[in-house]
Amino acid sequence: MDNSIFMKKALRLAARGRGRTSPNPTVGAVIVKSGKIIAEDYHRKSGTPHAEILALRKAGKLAKGATLFINLEPCCHTDKKTPPCTDAIIESGLKKVVIAMTDPNPKVSGKGIKALKSAGIATEVGLMETEAKRLNETFAKFITKKEPFVILKAAQSLDGKIATASGESKWITGDKARQYVHKLRNEVDAIMVGIGTVIADNPSLDCRMRGGRNPYRIIIDSSLLIPLNAKVLKHNDQKTIIATTKIADREKINSVIKKGYKVLSVKSKAGKVDLKSLMKELGRLEITSVMIEGGASLNASALLSSIVDKVIFFCAPKIMGGLYAVPSVGGISPASLKNIIKVKNLHVKKIGDDFIFEGYI
């Protein structure tokens, strides 16, 4: 039987935990015996039982002699809220474990596989590894660099414009594309915009997907110009963070803090929030992923700061034209084509009348 069938199932189960397991990875487990699935489950939330534990509980005594399919190497360390999964696997009597990828966490990284082999359990590693790595790309960066995985998202016309010269931008893309954005918001830990977007559009920056949850909202506001009646300051979930600099007015900082919002005074660069320093601060807060939904200026700063890992551009089949229409990425044009930013592993898909271009920096 094609084992990829069972690993695909494990990956689909793992994906159900997107946006819920941070700072843990998303993991799905499938237990198979005599060619049939006898138990399956996925990790739901940090601090709760891992996928393999939940699946083993369902399988009970039937787990003896069975095979476990899992998209990530089982954990083997005790420096966390839950016991090592390798111990439970060994005790269950499983005869084989098929693993898509090794755990990038230095505390595990091959040690879980070694523990299983030492206990006489057969292991196979690498089945659908590419898909597994893509699923947990956020976790992989965070656990190795202690910084969030950063996605730059933009919605633009065919000729790369996000607003007219007068600032009108609603709506360039269609309903299905905008619904997809809320799905993305549901899956990331935080969304980030610049103060210009807050002042111009006064967004709520919430997730309007059915059953979704609101991510953290990060406002880049070097001089703390944010109006105290902004919609983004009307949430009561303690998930709004304003990143500013030492030039910000202390009295206003205190006013924002009194309203229950977090203010991060970050190192500045040319009078603006240094985005690389901010990523380190967000990593300390265990924010593992950030989606930038800013304007031309923030998009340019993020790319030039080399904090962006992935880009998702929604492109509408429309041509705006005009020298003064706002581009999706601002800043200064490179002097040579040799200096342009290249995107690799680009994937294109259609959504409604629009197209999504997704790739990695």
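The values are calculated or read from the model by the stated rules, or taken from the named source; none is laboratory data. Since we're looking at a predicted model, the values are computed, not measured. So basically every Cβ, Gly included, is an ideal-geometry build from the backbone, and we count neighbours across all protein chains shown. Surface areas here come from the heavy atoms of the whole protein model, side chains and all, with no ligands, DNA or RNA. Shrake-Rupley method; radii C 1.70, N 1.55, O 1.52, S 1.80 Å.
With protein chains left intact and a 1.4 Å probe, residues in the chain average 50 Å² of accessible area per residue.
To the nearest µm²/s, what D does Stokes-Einstein give for the chain at 4 °C and 1.567 mPa s, using the Kirkwood radius over alpha carbon pairs as Rh?
Numbers: Rh = 22.2 Å.
It diffuses with D of about 58 µm²/s by this estimate.
Simple spin-label estimate for residue 129 and residue 360 gives 1.3 nm between the two label positions (7 Å along the Cα-to-Cβ direction from each Cα). Here the chain is scanned for chymotrypsin sites (Phe, Trp or Tyr not before Pro) in DSSP loops (not H, G, I, E, B) that have at most 15 other Cβ atoms within 10 Å, and the longest stretch holding none of them is 1-170.
Given a 1.4 Å probe and every protein chain left where it sits, what share in percent of the accessible area of the chain is carbon and sulfur?
Values: 9450 of 17980 Å².
Solvent-exposed carbon and sulfur of the chain make up 53 percent of the total.
Structure shown: which of 58/141; 234/349; 45/239 lie over 25 Å apart, alpha-carbon to alpha-carbon? As for pairs spanning more than 25 Å Cα to Cα, those are 58/141; 234/349.
When the trypsin sites (Lys or Arg not before Pro) in the range 24-58 are filtered for DSSP coil states and for at most 11 other beta-carbon atoms within 10 Å of their beta-carbon, the remaining sites are 45. In the chain, helical runs assigned H by DSSP with n ≥ 4 each contribute -39500 (n - 2.57); averaged across all residues and rounded to the nearest 500, the mean residue ellipticity at 222 nm is -8000 deg cm²/dmol. Extension gain for residue 235-residue 281 works out to 14.4 nm (0.36 nm per residue, less the C-alpha to C-alpha distance).
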